Amino acid sequence: MKAAHLERGEDAERLALGAARTRGLALVKRNYRCKVGEIDLICEDGDVLVFIEVRYRRNTDYGLAAETVGHRKQMKIIRAAKQFLQRYPAWAVRPMRFDVVAIQGSGQTELEWIEDAFQL
C-alpha cells in the first residue's frame, strides 16, 4: 500500500495530464527519472517540447503550490531536462519550455497552469 502523500501526488499528476491533453498536448514521458532529478511530465505542444512540473498543496497554510518552485527546484528540473536531451538527442532540436501546473485544495481543487514559468 502506498503512502497517502504519494497517492495524492499521483492524483495531482493524473489531473495535470488530463489538463495537458485538454490543451492539446501529447504525452512523451511521465515521471522521467535520472540521477540529477525527476520531471513529472514531458509533453509535445505542436513542435514544442514541454517539461512540466506538477505541484500540489492540500491547503495554503504554508504558501501556494506555485510558490514551491523556487530557483533551486528550477535548476534541478533544468539539469534533468538537459540529461533527458542528452539521452534522447532527437528531441534536442525542438524548441522547449518549462511549465508549472499548480494544484491546490482538498476535494474542490483549483488548477493553475503557468506556461513558460522559467527559462534555461
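The values are calculated or read from the model by the stated rules, or taken from the named source; none is laboratory data. Note that the structure is a prediction, hence the values are computed from the model and not measured. These area figures cover heavy atoms from the full protein model, side chains too; ligands, DNA and RNA do not enter into them. Shrake-Rupley method; radii C 1.70, N 1.55, O 1.52, S 1.80 Å.
Summed over qualifying helices (DSSP H, 4 residues or more, each -39500 (n - 2.57)) and divided by its residue number, the chain shows a 222 nm mean residue ellipticity of -10000 deg cm²/dmol. Labels on offer are (i) 123; (ii) 112; (iii) 311, and the one holding volume of the Cα convex hull per residue in Å³ computed from this structure is (ii). Counting only C-alpha contacts under 8 Å and six or more residues apart, can you give the relative contact order of the stretch 67-120 as a whole percent? Reported as a whole number, the value is 28 percent.
Per residue, how many Å² of accessible area does the stretch 6-120 show with a 1.4 Å probe?
Heavy-atom accessible area per residue stands at 58 Å².
For the options ARG87, ARG14, ARG30, a Gaussian network treatment of the chain with springs between C-alpha atoms closer than 10 Å singles out ARG87 as fluctuating the most.
Largest accessible area first, the residues TYR56, TYR88 order themselves as TYR88, TYR56 under a 1.4 Å probe with ligands, DNA and RNA left out. Whole-Hz Karplus values for the stretch 14-27 come out as 5, 4, 5, 5, x, 5, 5, 5, 4, 7, x, 7, 10, 6 Hz, taken residue by residue from phi with 6.51 cos²θ - 1.76 cosθ + 1.60 and θ = phi - 60°; glycine and proline positions read x. Ligands, DNA and RNA left out, the accessible area of the chain computed with a 1.4 Å probe is 48% carbon and sulfur. Look at where the Cα atoms of the stretch 16-39 and of the stretch 78-120 average out, and the two centres are 8 Å apart. Distant-in-sequence amide contacts of ALA117, defined by a placed amide H-H separation under 5 Å and a gap of 5 or more residues or a different chain, comprise PHE98, ASP99, VAL100.
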